[in-house]
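Comments concern the structure below.
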Amino acid sequence: MDFSAWNTPTTWVTFAAWFGVTYVYLAIGITGGYHRLLTHKSYKVPNWLRYFIVSGGYFALMGAPISWVAVHRLHHQKSDVPGDPHSPRDGFEHALYKWMFDMEKRQSVEEIRKQVPDLLEDKFLCMLGVDHSAKQAQLCLWVNIVARVIILLAFGPVAFTANLIASILVFWSPQFVNTFCHLESWGYRNYEVRDDSRNVPWVGIMAMGEGWHNNHHAFPKSAQHGIRWFEFDATWMMISFLEKVGLATDVIRPTPSLSPAEIAAAKAAKAARAAKETVVTASSDNAELVQSSETVEAVKEKELVEI
Ligand SMILES: [Zn+2]
Ligand SMILES: [Zn+2]
């Protein structure tokens, strides 16, 4: 096969455009849709936009949104302790991909339903699956195959190839977050939270802001994951833009605003655990980062209740 005919400026522009649009649409679907919008309710958008953003995650082969959210909420509740669906403490390959194959045994339909009472009202999301069965995964796979065949037939092999490469990269980005961002040998921490979460710069870039995972575990409900000036968070830029143009509301930021009762409850829970004192180390060049350990713990406690 002679590929020299492909080496033209038009081909490369087409490739770059399809790669870029696919990457952003699919990655934002996971980070801005499945994760920050559905799982953590970090911001609100009108329903039409909500479905559009979330659709990117489905076309990135993430499976049924409800099933994904149930796994991720469980991850926050049990981060790096027994019950975490994908902690690297259970093995690198387990955290990277093996966990996906036994979720049906580890999280029943009843447990999923308990995790996502807020999403069960959405009949369309329910239609895509409320379990970890092969059936819902196959539905997602077939929808994705049909979409790629349509791209190939309608836009040709260059568009198809660019779309495929971008899709593969995006598919792996959340798996890299689950793995590298919970491994001590990678990245750094801004906050001494109870789990092993880390900020890993290359994952931060690749996963459009999700690699600042230690920040995320410290402030799970925040729509903003990149906090220090160099922590580039493309998803947060998108959410900020939507907020500026009036499409996103109730955007939650990393500075928590908890009621005195909530803080008192969190302190009591902390004392009961007799956990060793958490020390928040923040960049000395960014005073905004300095949080009291009680506040971080309070956020954590609040999160356990709310997600
Ligand atoms: Zn995590
Ligand atoms: Zn999360």
(request) With respect to A70, determine if the residue is crowded, with 21+ Cβ neighbours inside 10 Å, within 16 Å of ligand 1 (Cβ to nearest atom) and closer than 25 Å to H225 by Cα. (result) yes
(message) Yes or no: the stretch 54-72 includes at least one residue that is under 18 Å from M208 (Cβ atoms), within 16 Å of ligand 2 (Cβ to nearest atom), of a type in the set (V, I, T) and touching a Leu at 6+ places or on another chain (Cβ under 8 Å).
(response) yes
(request) For the stretch 133-156, indicate whether the set of residues that are within 16 Å of ligand 1 (Cβ to nearest atom), assigned to a helix (DSSP H, G or I) and in contact with a helix residue (DSSP H, G or I) (Cβ under 9 Å, 6 or more places away or on another chain) is non-empty. (result) no
(request) May I ask you to verify whether A5 is assigned to a helix (DSSP H, G or I), among the hydrophobic types (A, V, I, L, M, F, W, C) and buried (at least 22 other Cβ atoms within 10 Å of the Cβ)? (result) no
(request) Return the residue satisfying two criteria in turn: it lies in the stretch 161-191 and is without any contact (Cβ under 8 Å) to a residue 60 or more places away in the chain and more than 30 Å from P254 (Cβ to Cβ), and of such residues it is farthest from ligand 1 (Cβ to nearest atom). (result) L164
(request) Working only within the stretch 197-215, note down all residues that are touching a Gly at 6+ places or on another chain (Cβ under 9 Å) and either outside any loop (DSSP other than H, G, I, E, B) or free of Cβ contacts under 8 Å to residues at least 12 places away in the same chain (or both). (result) N199, P201, W202, V203, G204, I205, W212, H213, N214, N215
(request) Kindly indicate whether any position in the stretch 174-196 is of a type in the set (A, V, I, L, M), in a helix (DSSP H, G or I), modelled with pLDDT of 95 or more and away from ligand 2 (no atom under 16 Å from the Cβ). (result) no
(request) For residues that are of a type outside the set (A, V, I, L, M, F, W, C) and part of a loop (DSSP other than H, G, I, E, B), scanning just the stretch 12-51, find the one that is nearest to ligand 1 (Cβ to nearest atom). (result) H40
(request) Starting from the stretch 63-87, take each residue that is over 14 Å from S108 (Cα atoms) and list its partners that are charged (D, E, K, R) and within 12 Å of ligand 2 (Cβ to nearest atom), counting only C-beta distances under 8 angstrom and pairs at least six apart or across chains. (result) H76/E303; S79/D195; D80/D195; V81/D195
(message) So, in the stretch 21-42, how many residues would count as being within 14 Å of ligand 2 (Cβ to nearest atom) and surrounded by fewer than 24 Cβ atoms within 10 Å (Cβ to Cβ)?
(response) 2
(message) One residue is enough: does the stretch 231-244 have a residue meeting the conditions within 13 Å of ligand 1 (Cβ to nearest atom) and more than 25 Å from F59 (Cα to Cα)?
(response) no
(message) Among the numbered criteria (1) of a type in the set (A, V, I, L, M, F, W, C); (2) within 24 Å of Q136 (Cβ to Cβ); (3) within 16 Å of ligand 1 (Cβ to nearest atom), which one does F59 miss?
(response) (3)
(request) For the stretch 174-195, enumerate the residues that are touching a Leu at 6+ places or on another chain (Cβ under 7 Å) and not β-branched (V, I, T). (result) Q175, N190
(message) Condition first: surrounded by 15 or more Cβ atoms within 10 Å (Cβ to Cβ) and touching a residue at least 60 places away in the same chain (Cβ under 8 Å). Now tell me which residues in the stretch 107-137 satisfy that.
(response) L119, L125, C126, L128, G129, V130, D131, H132, Q136, A137
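The values are calculated or read from the model by the stated rules, or taken from the named source; none is laboratory data. Note that the structure is a prediction, hence the values are computed from the model and not measured. Reconstructed Cβ throughout: ideal geometry from the backbone, glycine too, with neighbour counts over all protein chains shown.
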